[in-house]
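K.L.:
Structure below; questions to follow.
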Amino acid sequence: MRSKLFVPGVRPELFAKALASAADAISIDLVDAGPADRKAEARAAVAAFLASEAARATPKLIIVRVNALDSAHFEADLQALAGLQSLDLINLPKPESAADIRAAIAALQAAGLPETVKLLANIETPTALRRAHEIAQADPRVAGLQLGLGDLFEPYGIARRDPANVHAALFAVALAAAEAGVFCCDGAFADLKDDEGFRAEARMARALGFIGKSCIHPSQIAAANEVFQPGAGELAHARRVVEAAAAAGAQGRGAFVVDGKMIDLPFLKRAQALLAAAGVESTDAAR
Amino acid sequence: MRSKLFVPGVRPELFAKALASAADAISIDLVDAGPADRKAEARAAVAAFLASEAARATPKLIIVRVNALDSAHFEADLQALAGLQSLDLINLPKPESAADIRAAIAALQAAGLPETVKLLANIETPTALRRAHEIAQADPRVAGLQLGLGDLFEPYGIARRDPANVHAALFAVALAAAEAGVFCCDGAFADLKDDEGFRAEARMARALGFIGKSCIHPSQIAAANEVFQPGAGELAHARRVVEAAAAAGAQGRGAFVVDGKMIDLPFLKRAQALLAAAGVESTDAAR
Amino acid sequence: MRSKLFVPGVRPELFAKALASAADAISIDLVDAGPADRKAEARAAVAAFLASEAARATPKLIIVRVNALDSAHFEADLQALAGLQSLDLINLPKPESAADIRAAIAALQAAGLPETVKLLANIETPTALRRAHEIAQADPRVAGLQLGLGDLFEPYGIARRDPANVHAALFAVALAAAEAGVFCCDGAFADLKDDEGFRAEARMARALGFIGKSCIHPSQIAAANEVFQPGAGELAHARRVVEAAAAAGAQGRGAFVVDGKMIDLPFLKRAQALLAAAGVESTDAAR
């Protein structure tokens, strides 16, 4: 998921365009959908799209950002998504604790969402940043963390574009995700004209193990795909790790060495994630 | 409180000068007052000053830094301050836990300090930095956090002037204050001849949402006032936020948009704090 | 312990060379000793070396890195070290909690290691970094923390050589060690040809109060000794602090001032540690 394109739920005319884009994932938004009386309209549009042949056939990840847990709209959002198999991830705004995550998971179950639908939890408040490890580990259905710097910083007068500030938040999320064994994904970058700024932030996230970045406009997709594209050497190494793990497993050995390095579980999981992100089935690679 | 001027409690001849200075706050010190036998003298001088017409009339914030909670002088310090309405904040050195804060608040009450007197808690030990969120949230009378880098770093051989070290501590305090909804204020800078060093540190603190910086000499006040002065655009935006909140409240609406941005409680609190810091009554602005 | 030279346990021919080197400490390794069937051989070689006259006479610190607590080799490693007085520190890989430390200490006692043998706990997983303060404070026999950046970062795709990443991890370990009153030591640097890279990382660690750095090859020792060598002014100040503490103690006073600075317990401990690291007995200095 190198790039994750944001699409407003009230603009269904953009859904097909988003599917045709180069983004690895599309994230349809029910939050900033506009006035409350258009929420229902957005929900209906998203449900129709998820049920469509196009959505069911796409190799892209399909994500829906629902309204916050404590809002009046959260349950209605989930109900609109019940039973839709093309949905991959629910993006949850502003959870602040493991309890919030467990409540969201219970709501997913109550609404009848398929078990295959996982949670992408936003880390976008100071409390959430402090408890990011707890949020990431609250339930096996948490698949990843996404950093939201605008909400995290701006209400408190913390400069959103200061690289040291950005790094400190990225680092905290990276370690929390690493601890939980989930992926982490960088949030949005508002200035559409500042391509270099977008790339600099994406490179910083990549150097912290993030797998991709949100794009609020299709013009940002190419840069995200470029920055987060794993290198050929990296993929080849990942393939050797997965192959060696399969061989060691077949021989009943636990530990093994690849490229002169002792490989343990965290390395193996990273290699599998890399290959999966690059569209290579790790089971294929291991054959 | 862009600038907070430090005045030794044993130098009462400096109190009037401090009031006449451009500092937004003055902080009279009972800690580094000198030998123990001069503590009583300092207390008497501070009490006399706080009772004076000048102290009662000044628009400046008046702060007294008392001796540490576990010292023999703490209670005597508080007793000397009982009933003095001109006092705004007690600056507490070296609290390390929520329990320390609660003990301090209990002592304030026992000594008969007015309810309007709030606490400014210093974050100046490694334990306090780790628990800064807990210290900030321990009691509603905690109004702010102040970072003390000398005490935090120097005993452990951590370079006080290294910008990366300084940023990491500032970031931790900024997030803890943000989480608690209290302000944060930067500590002192020892090298009086290094104006650029003072300004660089102040700018870093400002970019993390700190509202001001301690000054150990009047020569540092102008730089602090300059760096922490909110810009005209910033104040105008804050005024629009407060006005829109009043309008939305009057119409029974919760959410509203200002300058294209969805405004929620943290943004509103920041706007109110900015206007208050700039000497603009937010209720005026909202009219 | 400015420099800590790594020696594989299966290469006993290197032990004498290591003793003859300029390293302040040598760390014999039972982990990367090679295939499991050579572990026993490494153990025997290390035990023989520790019992030798040369090991008993050296002023260098002698450290043995044992296999991880949850491995089949951990207890056998400790049993091989029972009763050997020349051993100073057990270096424990991958503890993640206070409970891990307590289990390790219990195992040290069960195996009959002398009480003088302390623990050097590696911080080398994301969970350990989050709990570093807890690990450092779990038992008085924890003498220090050592940061392991390769294991901490690489499985998660976090760039090992990115200075901002390195600083964030060093800062967390420095504060945890400071809080516990134990030393901290920087880990290894793999690129033997990059002397400037080694020095840059060592300088960053030193500016965070680390006392030394691991060397995986004798060619790195000189740089480590140079970077972590306390300056003459620093040592002279430390000597004055220790002398003033002795004088104040003799007069029954608690607080005292050295070089214009109020000295409390953390400063005194740092001064004693500095003098000890520089080979000066602080009791001598205090005489």
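K.L.:
Quick one: accessible area per residue over chain C, 1.4 Å probe, rounded to a whole number of Å²?
P.N.:
Here the per-residue accessible area is 40 Å².
K.L.:
Further question: Looking at the square roots a ≥ b ≥ c of the eigenvalues of the Cα gyration tensor of the range B:1-112, which shape do they give, rounded for a/c under 1.5, prolate if a/b is larger than b/c, or oblate?
P.N.:
Prolate, since a/c reaches 1.5 and a/b exceeds b/c.
K.L.:
Still on this model: Output ³J(HN,Hα) for the range A:62-70: one whole-Hz value per residue in order, computed from phi by the Karplus curve 6.51 cos²θ - 1.76 cosθ + 1.60 with θ = phi - 60°, and x for Gly and Pro.
P.N.:
10, 10, 10, 8, 8, 6, 5, 3, 8
K.L.:
What is the distance in Å between the Cα centroid of the range C:85-147 and that of the range B:193-245?
P.N.:
The distance from the Cα centre of the range C:85-147 to that of the range B:193-245 comes to 45 Å.
K.L.:
Then there is this: So the label point sits 7 Å from Cα along the Cα-to-Cβ vector; using that for A:D195, what distances do you get to the other copies, in nanometres, sorted shortest first?
P.N.:
Those separations, rounded to one decimal, come out as 4.3, 4.3 nm.
K.L.:
Right, here's the next one. Please compute how much accessible surface disappears when B pairs with C, both sides summed, using a 1.4 Å probe, and round it to the nearest 100 Å².
P.N.:
Its buried surface, counting both partners, is about 1500 Å².
K.L.:
If you don't mind, there's one more thing I want to ask. If amide hydrogens are placed 1.01 Å from N in the peptide plane, which non-local residues have theirs closer than 5 Å to the one on C:V258?
P.N.:
Those qualifying (amide H under 5 Å, at least 5 residues apart or on another chain) are C:I263.
K.L.:
Also, I was wondering about something else. For the range C:224-229, in order, what is each residue's ³J(HN,Hα) by Karplus, 6.51 cos²θ - 1.76 cosθ + 1.60 with θ = phi - 60°, in whole Hz (x at glycine and Pro)?
P.N.:
Karplus-based 3J(HN,Hα) across the range C:224-229 equals 4, 4, 5, 5, 8, 5 Hz.
K.L.:
Place +1 on the Cβ of every Lys and Arg and -1 on the Cβ of every Asp and Glu in the protein assembly as shown, take the dipole about the Cα centre, and give the residue among A:P163, B:A80, B:M262 whose Cα lies farthest towards its positive end.
P.N.:
The listed residue farthest towards the positive side: A:P163.
K.L.:
If you average the sequence gap of Cα pairs under 8 Å that are 6 or more apart and divide by the length of chain B, what percent do you get for the contact order?
P.N.:
15
K.L.:
Could you tell me what percent of the accessible area of the range A:5-133 is made up of carbon and sulfur, with a 1.4 Å probe and every protein chain present?
P.N.:
55
K.L.:
Show me, for the range B:129-146, the HN-Hα J-couplings you get by feeding each phi into the Karplus relation (A = 6.51, B = -1.76, C = 1.60, θ = phi - 60°), rounded to Hz, glycine and proline as x.
P.N.:
Ordered by residue, 3J(HN,Hα) equals 5, 5, 9, 4, 5, 6, 4, 5, 9, 5, 7, x, 7, 6, 8, x, 10, 10 Hz.
K.L.:
Oh, and also: Over the whole of B:204-213, what's the average partner chain Cβ count within 10 Å per residue? Rounded to a whole number, please.
P.N.:
4
K.L.:
Per residue of C:173-185, what is the mean number of Cβ atoms on other protein chains within 10 angstrom of that residue's Cβ?
P.N.:
4
K.L.:
Can you list, shortest first and in nm, the gaps between the label point of C:R56 and those of its counterparts in the other copies, using a point 7 Å from Cα in the C-beta direction?
P.N.:
Label-point distances to the other copies, shortest first: 8.1, 8.1 nm.
K.L.:
Indicate the gyration tensor shape class of the range C:232-278 (rounded, prolate or oblate), computed on the Cα atoms with a ≥ b ≥ c the square roots of the eigenvalues: a/c under 1.5 is rounded; otherwise a/b larger than b/c is prolate and the rest oblate.
P.N.:
prolate
K.L.:
Contact order normalised by length for the range A:232-278, with contacts defined as Cα pairs under 8 Å and 6 or more residues apart; what percent is it?
P.N.:
Relative contact order, the range A:232-278: 46 percent.
K.L.:
Longest exposed-loop-site-free stretch of chain C, with GluC sites (Glu not before Pro), DSSP loop and at most 13 other Cβ within 10 Å?
P.N.:
Answer - C:116-280.
K.L.:
Quick one: which residues, 5 or more positions from A:L113 or on another chain, have an amide H under 5 Å from its amide H? H modelled 1.01 Å from N in the peptide plane, none for Pro or chain starts.
P.N.:
A:G83
K.L.:
Among rounded, prolate and oblate, which fits the protein assembly as shown when a ≥ b ≥ c are the square roots of the eigenvalues of its C-alpha gyration tensor, a/c under 1.5 means rounded, and a/b larger than b/c means prolate?
P.N.:
The shape class here is oblate.
The values are calculated or read from the model by the stated rules, or taken from the named source; none is laboratory data. None of the values given here were measured: they were computed from a predicted structure. Positions of Cβ are backbone-derived with ideal geometry, glycine not excepted, and every protein chain shown enters the neighbour counts. The accessibility values were calculated without ligands, DNA or RNA, using every heavy atom of the protein model including side chains. Shrake-Rupley method; radii C 1.70, N 1.55, O 1.52, S 1.80 Å.
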